[in-house]
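The values are calculated or read from the model by the stated rules, or taken from the named source; none is laboratory data. This structure is a prediction, so every number in the text was calculated from the model and none was measured. Glycine gets a Cβ as well: all are built from the backbone with ideal geometry, and neighbour counts include every protein chain shown. Just so you know, the surface numbers come from the protein's heavy atoms only, side chains and all, with ligands and any DNA or RNA stripped out. Shrake-Rupley method; radii C 1.70, N 1.55, O 1.52, S 1.80 Å.
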Amino acid sequence: MFRSATTSSLASRFFISINHPRIAPLTIPLASFTNHAPIALEGTARQRQYNRNRARDVQYQQQEQQRKRRPGPLHFIAASSFLSWFSKKSDDENTPESQLITIIKRSILSIQKEEYQKAEQMLHLALKMAQDLQSKDGITYIYDIMANLAMEVGDFAKAEKLFVNVMQRLFSDGFLEDHIKMLHISSKVAHLAQLQGHLDKAAQGFEWTLAKLEEKLKQLGDDNVKEIRELWGITKNWYAQLLMESKRFAEAKQAFLQAYEAYTEIHGKLTEEGLTILNNLSVACSNLEDYASAERFLKEAISLAAQIPDLSEAGVYKANLGLLYLQQGLLRQASEFCTFAWRYGNQHKHEETVIQATYCLEQIKAMQK
């Protein structure tokens, strides 16, 4: 769920901001960290000011090769088209169509098991079969899975190209630009632009998608209201991350709040994804020096995390709360939470919690000299 870190990044880590892998319609494992270069300072006041200044410099970094995540269900844009095509075919397992469906299902299972190379090979085989069958829906669906797989393994340029291909194929089938399938893809393409550092392009994509989704939400009687609302929340969450990267912290806070409301409205509060947004809300507030709100959101995350069995991130939230106290020069409280987090991380063998807590404790020692 979190990526391992290099020695240089460990030396500069300050406040973890998590982007949960299963917060999107497809499983997109990302880990985002706030990096700060610690330096020796004399005096608690100077250290506090240094910590405050550093807390404002939030940077979101995504590195797929070093990430870990729990396999989760994958949802693909063209699924309904493919399933519609599939429903018209024979149930005979020996037909070419049934064999194609079996290969596609196995490729998705391989993705869930993180067997990416195997999945890629199966998808190329499935694509050839779909082309031989002249199945437009099947080809579109396979391209969509390929796009999600490329996104999954961090090949963002390839993913973007494939998503554009899917969108063009849907256009040719008569789908309008504001169809829910198109909006799913436009949100992902904007996110891919963000991941590649094209922030202006990403902002335009997010803002266009959100505007179209908001228009749809105003249309009473839409059969896809729940799906639209969920996609709106997902897009808001990604947009909030972009705002953080652009240091627009007040706007990011509002976007995270909206994303949290939309997500919990559909899935409830006892989810890892919801806690992720609460944690990121705390990061946004800490950058605004709204420490009371930052503490409130983190404490809520900690309280909810206690109700989710075997949640590894629970220690990270404790460590982040310790770091929040450290930002304010509250060394006793910081030491209490970071020590707990260090023990929790070692007990549960959760590397990121140990790293974060260790950094916190080292900073406390430096301030006490």
With DNA, RNA and ligands ignored, accessible area of F256 (1.4 Å probe; Å², nearest 10):
0 Å²
Report the extension gain between I266 and K299 in nm, rounded to one decimal, defined as 0.36 nm multiplied by the number of residues separating them, less their alpha carbon distance.
9.7 nm
Neighbourhood charge, 12 Å Cβ-Cβ cut-off, centred on L125 and excluding it, Lys, Arg +1 and Asp, Glu -1:
+1
For region 235-330, accessible area per residue (1.4 Å probe, heavy atoms of protein chains only), Å²:
32 Å²
SASA check, H179, accessible area w/ 1.4 Å probe, all protein chains in place, rounded to nearest 10 Å², comes out at 60 Å²
Taking Cα centroids, how far is region 247-277 from region 147-189 in Å?
25 Å
Portion, in percent, of the accessible area of region 258-320 that falls on carbon or sulfur, probe 1.4 Å
48 percent
With the cut-off at 1.5 for a/c, could you classify region 182-339 from its C-alpha gyration tensor as rounded, prolate or oblate?
prolate
Just grab the label-to-label distance for A366 and K158, each label 7 Å out from Cα along the Cβ direction, in nm (one decimal).
4.0 nm
If the chain between H348 and L217 were fully extended at 0.36 nm per residue, the gain over the current Cα-Cα distance would be 42.9 nm
Ignoring ligands, DNA and RNA, what percent of the accessible area of region 126-204 is carbon or sulfur (1.4 Å)?
53 percent
I'd like the Karplus ³J(HN,Hα) series for region 249-256: coefficients 6.51, -1.76, 1.60, θ = phi - 60°, whole numbers in Hz, and an x wherever there's a Gly or Pro.
5, 5, 5, 4, 4, 5, 5, 4
Please give the solvent-accessible surface of R229 in Å², to the nearest 10, using a probe radius of 1.4 Å with every protein chain present.
40 Å²
For region 288-369: rounded, prolate or oblate by the Cα gyration tensor [a/c cutoff 1.5]:
oblate
